[in-house]
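Beneath this line is the structure, given in structure tokens, with notes to follow.
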Amino acid sequence: MLGIYVDRKSGMPLARQIHRRLCDLITASRLRAGDALPSTRGLAAYLKVSRNTVNEAYAMLWAEGFIVGRQGSGYTVAEGIILPKPAAAGAPPPALPACPVRYDFRTGVPDLDRFPFRAWARYQRRVLESVRPRDMHYGDCGGYPPLRTAVADWLLRSRGLAVDPEAVHITAGATHALSLAVDVTGRGGGHFIVENPCHIGIVTMLRLKRVSFSWLPVDELGLRIGPPGRRSPIGVYVTPSHQFPLGHVLSAGRRTRLIALARKRNFYVIEDDYDSEFRYDGPALTPLHSLDPDRVIYVGTFSKTLFPALRIGFAVVPPALRQTWNEFRRYSDVQNAIGDQAVLARFIEEGGLNRHIKNMTRAYGLKRTALVAAVQARFGDDSRVIGDSAGLHLALKLPGQSFDRNFADTCRRVGLAVMPCSRYELAGTEYADTLLLGYGNVEPDRIADGVALLAKAVAEHRAGTRR
């Protein structure tokens, strides 16, 4: 049946294996646009797996845009998914102040009250009791080896990424990983492309490093991959699994187009997978990295998953860049603290991370439901919720409105923390009518009151602009 098979000895879940086989068939054009996929019942019987396993694999393909249709009516391959074979390998390329608020709807703020600090403290004690003098010397600048292995295993289980632990490089958070990625790909100059709107952190970093950059717009299918300009980039920064700040998923067609362009123009894609562990409509999406590990630098962090003060992130680095990456790391800050790395390695190995993500996905899901319900109750048909399928925030579009920093400051004065989407726009005013509402750091029973206060602020803002 199309050569699909599963390996029960592999550490990769069966649904992920089926997803991977079908993805390979589609990107290799063995399954073309409009071709029907096997029925879930037939494929399950052929592979001797449960039908739910096949349904899960198809759900991932559907969520990522590789297939269209619906359960019960059959699925077919989506249009526009073309990924040419890679060319023969050549020579490696040259190398806001926080203010007290009553209702905190800031983005990217996790709920730390639910973190298992007692369990974490037990891991810390165990690590300290087992530490040896030789462990306290300078270590590998790529990171503590057991942590690199634990992260690689976790990526296999949670994302379906089969990566060599040697490819995993531990960093002091995602921002540090992104900084190194810009340094490594952009040494000697060059030009970057970012999304618009985009996380202000990467834009600020490029400006501080005096690196030239331009932007491409984002729509409901993610980054618009236009024709290459006269100036070829050396790097493209994307958030494909949950675009920041709008929350869209980069479509399969655009994913393959971006990778094909990276191969043709010899640039790297920097993939920031910043908070997609928390997905409410199925498992976490497979990263863009899976389409071409030689062209994508995959960046992740434990700041939102665990707690920001941990300061541990990671990057999965292509082979051609690893030596240069190590050189930049060695002569910047050498390594993360070994003790924190060892504690995190134990936490992952013994299932603590998986349990915490499961618990927090449930908790954040309740908050998300409460926020969507409150928005619908207060704004009704005058509003549109965007990008709420994953992460810790959603985008609230209120057509006819125009929000700026002054609106955010007005809200702050009445104890409400919100952020206009225009804060992240690099050009244009397409999202001037959109607000970002984070729900990670607000309790469900306070959300309705917070949205009521927001509705009052919006009404007063509307009246003021009309005057």
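The values are calculated or read from the model by the stated rules, or taken from the named source; none is laboratory data. These figures come from a predicted structure and were not determined experimentally. Counting neighbours? That spans all protein chains shown, and the Cβs are built from the backbone with ideal geometry, glycine included. Just the protein is used for accessible areas: all its heavy atoms, side chains included, with ligands, DNA and RNA removed. Shrake-Rupley method; radii C 1.70, N 1.55, O 1.52, S 1.80 Å.
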Over the chain, what is the percentage of antiparallel beta bridges among all DSSP beta bridges, to the nearest 5? 60
Report for the stretch 184-240 the percent antiparallel among DSSP-assigned beta bridges with both residues inside it, nearest 5. 20
When only alpha-carbon atoms count, how far does the stretch 266-383 stretch along each of its three principal axes, as whole angstroms with the largest first? 55, 39, 24
Carbon plus sulfur, as percent of the 1.4 Å-probe accessible area of the chain, comes to 52
Once both label points are put 7 Å beyond Cα along the C-beta direction, the Arg102-Ala36 separation in nm becomes 5.9
For Lys85, list the aspartates and glutamates whose Cα falls under 18 Å from its own Cα; do not include residues on the same chain fewer than 8 positions away. Asp24, Asp292, Asp294
So what is the accessible area of the chain per residue, in Å², with the probe set to 1.4 Å? 45
Filtering trypsin sites (Lys or Arg not before Pro) in the stretch 1-86 by DSSP loop and by at most 16 other Cβ atoms within 10 Å leaves Arg8, Lys9, Arg30, Arg32, Lys48
Straight-line reach only, C-alpha to C-alpha below 17 angstrom: list the lysines that Lys367 could link to, leaving out same-chain residues fewer than 8 apart. Lys304, Lys358
Between Arg462 and Asn354, what is the spin-label point distance in nm, taking each point 7 Å from the Cα along the Cα→C-beta axis? 4.9
Let's test this: bin the Cα-Cα distances of the chain at 20 Å from zero up to the farthest pair and state each bin's percent. 23, 56, 21, 0
Cα→Cβ-extended label distance, 7 Å offset, between Asp409 and Asp164, nm: 5.4
Mean residue ellipticity at 222 nm from the helices of the chain, using -39,500 (n - 2.57) per DSSP H segment of n ≥ 4 over the full residue count, to the nearest 500 deg cm²/dmol? -12500 deg cm²/dmol
Part-to-part distance (alpha-carbon centres) for the stretch 391-450 and the stretch 14-51, which is given in Å: 41
Tally Lys/Arg at +1 and Asp/Glu at -1 over every other residue whose Cβ is under 13 Å from the Cβ of Pro217; what's the total? -3
What are the ³J(HN,Hα) couplings of the stretch 412-421, residue after residue, when phi is run through the Karplus curve with 6.51, -1.76, 1.60 and θ = phi - 60°? Round to Hz, x for glycine and proline. 4, 5, 9, x, 10, 9, 9, 9, x, 5
Near Lys209, which aspartates and glutamates are there with a Cα under 12 Å away, not counting those fewer than 8 places off in the same chain? Asp183
For the stretch 1-158, what percent of Cα pairs sit more than 26 Å apart? 58
For the stretch 279-353, state which chymotrypsin sites (Phe, Trp or Tyr not before Pro) are in a DSSP loop and have at most 10 other beta carbons lying within 10 Å of their beta carbon. Tyr331
